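So the structure is just underneath, and the comments pick up after that.
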Amino acid sequence: MDRDAADVDEAVYDVVESIPPGRVSTYGAVGRLVGVGPRRVARALSAGGAVVPWHRVVRADGTAAEPVRVRQLELLAGEGVPLRGQRVDLAAVGWPD
């Protein structure tokens, strides 16, 4: 049975809200915790993720999505997240462990 879209969105938001400041997760990691694919996580965050710390979710290679890259990297740097150029050092701050 398919889960209701709103339920999936809420589950994504719950996981993203639990990412501590200074830590970063990936769309795939959040998706595994929720039981959906990474694109579904991205869709939830783009649709209504402004209410959660969306900036703490990046691509599997540590890069930010193009439309929000500058703002996302600014927010992460403000939390002390280590960056290597335009990439988050997921080995240092990846969540969950």
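Among the listed residues ASP97, ASP89, ASP14, identify the single one that is free of Cβ contacts under 8 Å to residues at least 40 places away in the same chain and closer than 24 Å to ASP4 by Cβ.
On the way: ASP97 fails: closer than 24 Å to ASP4 by Cβ; ASP89 fails: closer than 24 Å to ASP4 by Cβ.
Exactly one residue qualifies, and that residue is ASP14.
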Fill in: Among residues of the stretch 5-41, those that are under 20 Å from VAL93 (Cα atoms), assigned to a helix (DSSP H, G or I), open to solvent by less than 60 Å² (accessible area, probe 1.4 Å) and among the hydrophobic types (A, V, I, L, M, F, W, C), counted
6
Worksheet item: Is there a residue in the stretch 69-76 that is of a type outside the set (S, T, N, Q), within 19 Å of ALA91 (Cα to Cα) and not in a helix (DSSP H, G or I)?
Response: no
Fill in: Single unsatisfied condition, GLY78 versus (1) open to solvent by 60 Å² or more (accessible area, probe 1.4 Å); (2) touching a residue at least 24 places away in the same chain (Cβ under 8 Å)
(2)
Worksheet entry | Tally, over the stretch 42-53, of residues that are open to solvent by 60 Å² or more (accessible area, probe 1.4 Å) and in contact with a helix residue (DSSP H, G or I) (Cβ under 8 Å, 6 or more places away or on another chain) | 2
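The values are calculated or read from the model by the stated rules, or taken from the named source; none is laboratory data. As the structure is a computational prediction, the values presented were derived from the model and not from experiment. Counting neighbours? That spans all protein chains shown, and the Cβs are built from the backbone with ideal geometry, glycine included. These area figures cover heavy atoms from the full protein model, side chains too; ligands, DNA and RNA do not enter into them. Shrake-Rupley method; radii C 1.70, N 1.55, O 1.52, S 1.80 Å.
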